[in-house]
Amino acid sequence: MPTYLPAGGRLAALALSLAVALSAVGLGGASAADPGSPYGPQAPQNPATAANGAATMHGDSASSGTTPYPGPGTAKVDYSRTALASACPTVVVGGDGYVISLCTTIFGQTPTVHLLDPASGADLASLALPKGALFGGVYAYLDNADRLVVVDGDDNLVRIGHHRTGSGWTLRVDESTPLGGAVPPGDSIVGLTPAWDGKVWFATASGVIGTVDTGTGAVRSISTGEGVQNSISTVPGRTAVATDHALYLLTSAPDGTPVVEWRAPYDRGPARKPGQLSWGTGTTPSFFGPEGGTEFVTIVDNAAPHGNLLVYRVSGGPEPICRVPVLTQYARSGTEDAVIASGRSVFVTNTYGYPYPALPEGAPASQPASANFDGGLSRVDVDPDGTGCSVVWNSPVKSAALPRLSLADGKIYTVSVTGPTGSAGLNTFAQYHHTVVDPATGNQLSSSYLGIGLVYNPLQMRGTASPDGTLYQGTETGVVRISKR
């Protein structure tokens with residue numbers, strides 16, 4: 001499988017396929033989540049990561065898709081683009097405010113870490129990593145010392161720190177732990193996230209799930225025999241992994257060996273859908289809940305003609321409390337994006353027909369071969385008694401990025417697209433806009449033009465808000481910095 005792919009689901013391998021195709025929390029003024037917000041509470045803060053909101057692609061180790069920080073708002077915005085000649089699916093922000101992005105170069109397909117200036121977006125330092133069948137790179141995270149944790153091409157779990165020098169900044173590997181034989185030959189790490197005890201959970205493309213103790217170097221793993229194409233999520237004492245056949249909820253034995261608490265098969269549909277990158281769910285599991293942020297876990301299946309939102313009670317076993325068709329305003333729908341999940345609400349993005357410029361190596365043919373990209377979002381709420389779910393609204397917003405919900409200002413931020421969205425149009429003529437959506441109604445609150453063509457194409461990647469309200473959006477060729485004017 002190729003290296004890194006950019007999408008809310010699994011953009012590690014795609015970034016490399018795309019590159020091949022193209023070449024043939026410490027800032028002043030930070031705002032915490034509003035305790036009066038109808039969404040939330042926030043997922044618990046993982047002690048092994050940087051502050052929630054900007055520690056992972058999906059914000060936190062629970063993969064909630066939320067941030068405790070405000071976004072740029074609905075007024076006029078300023079924006080600038082940092083051209084890195086790379087697809088940049090992971091953008092995270094440390095406690096010192098510096099922005100770290102993990103990208104794959106267009107020419108050479110080299111995974112590269114960049115340190116960006118929070119004041120200007122300028123590229124301050126970079127570090128190329130060994131190439132390999134990497135997949136976990138997209139789902140790198142910041143640890144509690146603001147080091148980027150990622151698996152390199154030699155199957156080493158590395159922690160990359162950014163350090164001042166006499167002339168500026170440098171990036172270097174501060175710590176490296178070999179995963180040894182836990183990763184079978186030809187396999188690759190897909191998901192990567194820490195547990196509350198400091199061990200790091202991982203999942204491979206072939207379905208190996210394991211933990212690594214970076215203090216002792218001990219690695220423990222099991223095999224599901226099913227493919228994994230998305231990241232994984234953790235809350236205190238539990239880890240969720242979605243394979244291409246089922247959702248797994250796991251704990252671990254005292255020595256770190258994964259233990260399956262329950263397995264929930266889902267409808268994987270008759271085939272891969274256009275606008276998805278594999279045959280199965282396109283979503284990373286997300287934990288959420290109205291009491292502690294951990295009561296439920298959710299994915300979207302691959303049923304035809306519409307995917308179903310599946311919500312499970314974490315302590316309730318493998319039967320979902322609801323199975324609700326989503327994005328039914330269209331004849332067909334599906335998603336490659338992780339959901340936003342907060343309080344009792346889940347927000348699902350439609351990627352059916354989204355024309356990725358390239359597909360991962362070995363991706364099966366889709367049925368149908370192609371389709372129009374309609375976009376759209378759905379909100380589904382868990383009933384107050386926790387025994388069912390209902391659709392609250394459907395929205396026509398045509399999101400080209402993976403949206404994020406601000407718990408500070410109560411708005412959803414994304415990048416929408418207008419104009420032609422066929423494969424050629426997406427990179428040449430499509431127009432991209434910084435777009436704000438009302439989570440209460442699904443209405444578009446504002447839209448600010450960013451630019452046209454591939455340099456602004458976000459490829460269904462998720463933007464990250466920093467504590468001062470600046471939004472950083474990875475694109476096909478670099479990172480866009482969007483701030484309040």
If every Lys and Arg gets +1 and every Asp and Glu gets -1 at its Cβ, then about the Cα centre the chain yields a dipole, in debye to the nearest 20, of 860
Note to self: C-alpha centroids of the stretch 261-324 and the stretch 416-433 sit apart, in Å, by 30
Around Gly207 (Cβ within 11 Å, Cβ-to-Cβ, excluding Gly207; K/R +1, D/E -1) the net charge comes to -3
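Using DSSP to call loops (not H, G, I, E or B), can you name the chymotrypsin sites (Phe, Trp or Tyr not before Pro) in the stretch 59-136 whose Cβ has at most 14 other Cβ atoms within 10 angstrom?
Filter output for the stretch 59-136: Phe107.
With a sphere of radius 13 Å drawn around the Cβ of Tyr266, what net charge do the other residues whose Cβ falls strictly inside it have (Lys, Arg +1; Asp, Glu -1)?
Residues close to Tyr266 contribute a combined charge of -2.
Looking at the stretch 303-387, I'd like the Rg to Rh ratio, where Rg is from alpha-carbon atoms and Rh is Kirkwood's inverse mean 1/r.
Using Cα coordinates only, the ratio equals 1.02.
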Computed ³J(HN,Hα) along the stretch 453-466: with the Karplus parameters 6.51/-1.76/1.60, θ = phi - 60°, integer Hz and x for glycine or proline, the list is x, 5, 5, 10, 6, x, 6, 6, 9, 9, x, 10, 8, 8
Karplus ³J(HN,Hα) for the stretch 155-168 (6.51 cos²θ - 1.76 cosθ + 1.60, θ = phi - 60°; Hz, whole; x = Gly/Pro) runs 6, 9, 7, 10, 10, 10, x, 10, 9, 6, 10, x, 10, x
Protection proxy (average C-beta count within 10 Å per residue), highest first, orders 110-118, 263-271 as 110-118, 263-271
Within the stretch 194-291, DSSP-loop GluC sites (Glu not before Pro) with at most 14 other C-beta atoms within 10 Å are Glu291
Within the chain, the percent of DSSP beta bridges that are antiparallel, given to the nearest 5, stands at 95
Of all chymotrypsin sites (Phe, Trp or Tyr not before Pro) in the stretch 419-485, the ones in DSSP coil with at most 16 other Cβ atoms within 10 Å are Phe429
Expected sort for 401-408, 68-75, 55-62, 182-189 on mean C-beta neighbours within 10 Å, highest first, is 55-62, 401-408, 68-75, 182-189
Ala75 neighbourhood, Cβ < 13 Å, K/R = +1, D/E = -1, net charge +2
So Ser370 and Ser176, fully extended at 0.36 nm per residue minus their Cα-Cα distance, gain in nm 65.5 nm
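Pairs to check: Lys273/Lys411; Lys273/Lys398; Lys131/Lys199. Give those whose C-alpha atoms are more than 20 Å from each other in this structure. Present the calculation step by step, with values, prior to reporting the outcome.
Working: Lys273/Lys411 30 Å; Lys273/Lys398 18 Å; Lys131/Lys199 25 Å.
Long pairs (Cα-Cα over 20 Å): Lys273/Lys411; Lys131/Lys199.
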Sorted by chain and number, the residues with a modelled amide H under 5 Å from that of Lys398, at a separation of 5 or more or across chains, are Gly376, Val417
In deg cm²/dmol, rounded to the nearest 500, the helical mean residue ellipticity at 222 nm of the chain, built from -39500 (n - 2.57) for every DSSP H run of length 4 or more, is -1000 deg cm²/dmol
By the C-alpha gyration tensor axes a ≥ b ≥ c (rounded if a/c is under 1.5, else prolate when a/b exceeds b/c, else oblate), the shape of the stretch 369-420 is oblate
About its Cα centre, the stretch 366-454 carries a charge dipole, from +1 on Lys and Arg Cβ atoms and -1 on Asp and Glu Cβ atoms, whose size in debye to the nearest 20 is 340
Ordering 339-349, 298-308, 87-97 by per-residue average of other C-beta atoms within 10 angstrom, highest first, gives 339-349, 87-97, 298-308
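All of the numbers you see were taken from the coordinates with simple rules; none came from a lab. Source: prediction; values computed, not measured. Glycine gets a Cβ as well: all are built from the backbone with ideal geometry, and neighbour counts include every protein chain shown.
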